[in-house]
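Trainee: Once you've had a glance at the structure underneath, I'll fire off some questions.
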Ligand SMILES: C[S@@+](CC[C@H](N)C(=O)[O-])C[C@H]1O[C@@H](n2cnc3c(N)ncnc32)[C@H](O)[C@@H]1O
């Protein structure tokens with residue numbers, strides 16, 4: 001059944017990254033790696049985000065977990081961190097900066113990362129750093145976006161001179177290269193030294209409840225990216241909405257968000273040294 005898009009979806013989140021997906025991804029990891037009670041495991045959630053959805057779901061599902069390190073490169077995500085939980089360690093760290101997480105190298109038995117790796121520029125370096133963080137025999141699971149309709153929408157919006165002139169955000173050219181698909185990432189992990197590398201793609205289509213909800217949501221996610229004067233708000237909403245329809249059409253007769261996500265996982269061999277990663 002199609003997921004519906006809650007009007008409460010925080011603006012910082014993309015609709016693929018909601019509670020339902022946290023639990024779904026947790027179940028996938030547990031099934032893939034046959035997790036037990038995690039009572040002997042140090043788990044790390046890379047790019048935990050302000051809502052810490054996956055970390056919270058994991059603590060609830062696995063109350064005996066030895067420790068969970070929630071990592072994010074943005075210190076601000078921890079400002080609203082909930083009540084103290086001795087199993088949870090909050091860590092400001094950047095997976096592209098090896099030194100920021102060096103204290104954990106070789107100590108983590110499970111690294112997971114959901115909704116983050118598509119934002120990472122040097123993915124090979126980041127996967128290498130994950131490999132270094134893992135103990136021999138440690139497992140890693142990633143869920144990230146390979147293509148997303150909102151990126152296509154923004155690309156098309158920036159082709160309209162009037163909208164381009166209003167743009168003040170950051171646009172990354174060719175964020176989702178077509179040739180970077182499932183096999184590309186399987187090869188990347190294998191080259192780093194991961195074993196038993198598996199991947200699967202999933203297509204998510206999330207309809208808005210109405211055209212109006214879509215118009216309002218597009219404004220919410222773009223209001224800081226574009227300088228929209230108050231008298232231009234409705235016009236901006238209309239233009240963004242029309243471009244959304246022309247680039248993606250409708251699903252179940254509703255405007256919708258579409259993303260192709262990659263589930264990717266691998267294991268650090270038991271007899272591993274970090275020789276492959278040390279060469280780089
Ligand atoms: C879209 S949010 C996803 C949050 C959460 N994992 C979820 O699924 O809802 C991506 C998060 O990754 C963090 N992030 C991006 N690049 C990172 C990096 N290189 N190292 C650590 N965190 C990073 C961002 O600050 C942001 O909080």
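No value in this document is a laboratory result; all are computed from the given coordinates. On a predicted model such as this, the values are computed, not experimentally measured, just so you know. Cβ atoms come from the backbone with ideal geometry, glycine included; neighbour counts cover every protein chain shown.
Trainee: In degrees between 0 and 90, to the nearest 10, how far off the longest principal axis of the chain does helix 123-133 point, with axes built from Cα atoms?
Mentor: The two axes meet at around 30 degrees.
Trainee: Grab the beta carbon distance between residue 216 and residue 246, set R0 = 22 Å, and tell me the FRET efficiency rounded to 0.05. Walk me through the numbers on the way to the answer.
Mentor: Working: r = 19 Å, r/R0 = 0.86.
Efficiency at R0 = 22 Å is approximately 0.70.
Trainee: Rounded, prolate or oblate: which one fits segment 44-113, using the alpha carbon gyration tensor with axes a ≥ b ≥ c (rounded when a/c is under 1.5, else prolate when a/b beats b/c, else oblate)?
Mentor: Oblate, since a/c reaches 1.5 and b/c is not below a/b.
Trainee: Here's something else I'd like to know. Defining a contact as two alpha carbons under 8 Å apart and six or more residues distant in sequence, what relative contact order in percent does the chain show? Each step should come with its number before you reach the end.
Mentor: Details: 454 pairs, mean separation 59.4, N = 280.
RCO, the chain: 21 percent.
Trainee: So how far apart, in nm, are the two label points at residue 225 and residue 159 if each is 7 Å from Cα heading toward Cβ?
Mentor: For residue 225 paired with residue 159, the spin-label model returns 1.6 nm.
Trainee: Something else: Would you please give the FRET efficiency between residue 205 and residue 170, computed as 1/(1 + (r/R0)^6) with r the Cβ-Cβ distance and R0 = 35 Å, to the nearest 0.05?
Mentor: 0.85
Trainee: Measuring from label point to label point, each 7 Å out along Cα→Cβ, what is the residue 178 to residue 74 span in nm?
Mentor: Each label point lies 7 Å from its Cα, and together they span 3.2 nm.
Trainee: What order do you get for 200, 100 when you list them from fewest to most C-beta neighbours inside 10 Å?
Mentor: 200, 100
Trainee: Let me ask something else about it. What angle do you read, to the nearest 10 degrees and between 0 and 90, between the alpha-carbon axis of helix 211-222 and the longest principal axis of the chain?
Mentor: Roughly 60 degrees, rounded to the nearest 10.
Trainee: Among 180, 89, which comes first, then next, by fewest other beta-carbon atoms within 10 Å?
Mentor: Numbers: 180 17, 89 14.
Taking fewest neighbouring Cβ atoms as first place, the list is 89, 180.
Trainee: Right, another one. Once the Cα atoms of helix 19-33 and of the chain are each reduced to a long axis, what angle between those two axes, in degrees from 0 to 90 to the nearest 10, is obtained?
Mentor: 30
Trainee: In terms of the Cα gyration tensor, with a ≥ b ≥ c the square roots of its eigenvalues, is the chain rounded because a/c is under 1.5, prolate because a/b exceeds b/c, or oblate? Write down the numbers at each step before the final one.
Mentor: Values: a/c = 1.94, a/b = 1.74, b/c = 1.12.
It comes out prolate by the Cα gyration axes.
Trainee: For residue 81 paired with residue 233, estimate the spin-label separation in nm (one decimal), with each label point 7 Å from Cα along the Cα-to-Cβ line.
Mentor: It works out to 3.6 nm between the two label points.
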